[in-house]
Amino acid sequence: MPIYLALGRLEEAEAACRKAEETALLFRSQAWVAAARHARGLIARARGDWSLAADRLQAARDLFEALGQPYDVARSLEALAEVAAQAGPLLPDLDAGALRRQARSLYERLGAAGDLRRLAGAAAAA
């Protein structure tokens, strides 16, 4: 699904997200629910629906945290930081810098060097 977003193919990303949501329901898997929420947040971000994006990404982060999946928590924090930066004053309760720092801390703890480089590049561009 992220590849469709990167290519600007929102309809295909939407279809992939719906499949993830259906799979979550079918298997009653909390991991799939979290992944589907994350995907829905990314699609909302691509569409500029900051409130929905923040809501879904926060829900994904919380569920990934409850499931003990720190890498996915960091990915959700990173995406949430991008939403906060893009939305600006429309989402005053979100601090892009603080969210990036939280993501960076998790990536460092996990030894995710590539993710740290990407995060540093995004922070420099902001």
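With the cut-off at 1.5 for a/c, could you classify the range 33-106 from its C-alpha gyration tensor as rounded, prolate or oblate?
The shape class here is oblate.
Please report, in debye to the nearest 20, how large the charge dipole of the range 48-108 is about its Cα centre when each Lys and Arg carries +1 at its beta carbon and each Asp and Glu carries -1 there.
On the way: 6 positive and 10 negative charges, 30 e Å.
My answer is approximately 140 debye.
D for the chain, whole µm²/s, Stokes-Einstein with Kirkwood Rh over alpha-carbon pairs at 10 °C and 1.306 mPa s: what number? Working shown, then result.
On the way: Rh = 14.6 Å.
Roughly 109 µm²/s, to the nearest whole number.
How many percent of the accessible area of the chain is carbon or sulfur, using a 1.4 Å probe?
53
Find the eigenvalues of the gyration tensor of the Cα atoms of the range 1-67, then list the square roots of 5 times those eigenvalues as equivalent ellipsoid semi-axes, largest first, in whole angstrom.
In descending order, the three semi-axes are 19, 15, 8 Å.
Given the convex hull of the Cα atoms of the range 66-126, what is a quarter of its surface area in nm²? Intermediate values should be presented prior to the final figure.
Values: hull surface 16.4 nm².
The Cα convex hull of the range 66-126, projected and averaged over all directions, gives 4.1 nm².
Projecting each Cα onto the charge dipole of the chain (Lys/Arg +1, Asp/Glu -1 at the beta carbon, about the Cα centre), which of Leu80, Ala113, Trp50 comes out farthest on the positive side?
Projecting each Cα onto the dipole axis, the largest value belongs to Ala113.
The values are calculated or read from the model by the stated rules, or taken from the named source; none is laboratory data. This is a predicted model, so every value here is computed, not measured. In this analysis, Cβ positions are derived from the backbone assuming ideal geometry, glycine residues included, and neighbour counts consider all displayed protein chains. Just the protein is used for accessible areas: all its heavy atoms, side chains included, with ligands, DNA and RNA removed. Shrake-Rupley method; radii C 1.70, N 1.55, O 1.52, S 1.80 Å.
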